[in-house]
Amino acid sequence: MAKYDPTSPPIPAPETGLPNPLQPPSVEPPKIARDDDSTAYARGFEAGKRKAATDKNPYPEDSSSAKAFDHGYLDAQKVRSNDKPPG
């Protein structure tokens, strides 16, 4: 078994999920990609087609993306209701 040598530097192991002890932590939060309204509408449309209870609006309240998501969700529900056979 190898002896412990306190003078050797630590070995970074990012593949194990451990932070690099030689690099200071980032000061800025990670950048989050923002969707434009057409992408938000498409996400809402797909969620409306699935009609799953877990598909909630992921956008901040009162944002234009949240409104686009809601419109897409409702439009998909209208399409689904028109697909049903009459009677």
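Remarks
- The residue of the stretch 46-56 that is farthest from V79 (Cα to Cα), among those that are at pLDDT 85 or above and open to solvent by less than 50 Å² (accessible area, probe 1.4 Å), is A47.
- Remark: T39 falls outside the filter, which requires a residue to be open to solvent by 100 Å² or more (accessible area, probe 1.4 Å) and at pLDDT 65 or above.
- Any hit, the stretch 21-32, residues being in a loop (DSSP other than H, G, I, E, B), small (G, A, S) and at pLDDT below 65: yes
The values are calculated or read from the model by the stated rules, or taken from the named source; none is laboratory data. For clarity, every value in this text was computed on a predicted model and none was experimentally measured. Please note that ligands, DNA and RNA were not included when accessible areas were found on the heavy atoms of the full protein model with its side chains. Shrake-Rupley method; radii C 1.70, N 1.55, O 1.52, S 1.80 Å.
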